[in-house]
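In what follows, a structure is listed as structure tokens, so that the remarks can point back to it.
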Amino acid sequence: LVLLHDSIPLDAATSARERTTAFYSGDVWKLAACLHNERPDLRMVTVPTAPTGLTLVAGFREGGSDFGSRFDGLVDKYGALSFGDYVTHPEWMPARIANNERAVADWIVQNR
């Protein structure tokens, strides 16, 4: 199980690649989008935790052997995304579950 924090961007300024604000989440959300779209074999869900979300990813051992060979192209493709892309394409992101202990524990048990 891999956890990605800062996977729900709040706005363009705080989720940019370069830090320009006191509060900053960066562009980790782009990795969540990349894995969700390019590795359909993975099981993913995002928990809307404060302040900028937590994404759970399971299934890395099961495949995706060509993913590394596509690394540079994927960095170019997903690195170019903007906050506007996030807003207009929510389907590019993993589904969300409730931010409570039961929902998270159930998801983890079901996706070991």
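With a ≥ b ≥ c taken as the square roots of the eigenvalues of the C-alpha gyration tensor of the stretch 1-52, please select rounded if a/c is under 1.5 and otherwise prolate if a/b is larger than b/c or oblate if it is not? Here the stretch 1-52 falls in the prolate category.
Solvent-accessible surface of protein heavy atoms, probed at 1.4 angstrom with all chains present, puts Arg39, Arg102 in the order Arg102, Arg39, largest first. For the stretch 7-112, chymotrypsin sites (Phe, Trp or Tyr not before Pro) meeting the loop criterion (DSSP other than H, G, I, E, B) and having at most 13 other Cβ atoms within 10 Å: Phe23.
A 1.4 Å probe, protein heavy atoms only, puts the accessible area of Thr21 near 40 Å².
Rg over Rh for the chain works out to 0.97, using Cα positions for both radii and the Kirkwood form for Rh.
Computed in the context of the full set of protein chains, the accessible area of the chain at 1.4 Å probe radius has 57% of its extent on carbon or sulfur. A 1.4 Å probe run over the chain, with the rest of the protein chains in place, finds 59 Å² accessible per residue.
For the stretch 64-107, taking Cα atoms only, Rg and Dmax work out to 15.1, 38 Å respectively. Short-range pairs are left out: with C-alpha atoms under 8 Å and at least six residues apart, the relative contact order of the stretch 41-112 is 41 percent.
Take Asp72: with every protein chain present and a 1.4 Å probe, its accessible area is about 110 Å².
The values are calculated or read from the model by the stated rules, or taken from the named source; none is laboratory data. Computed from a predicted structure; not experimentally measured. Positions of Cβ are backbone-derived with ideal geometry, glycine not excepted, and every protein chain shown enters the neighbour counts. Surface areas here come from the heavy atoms of the whole protein model, side chains and all, with no ligands, DNA or RNA. Shrake-Rupley method; radii C 1.70, N 1.55, O 1.52, S 1.80 Å.
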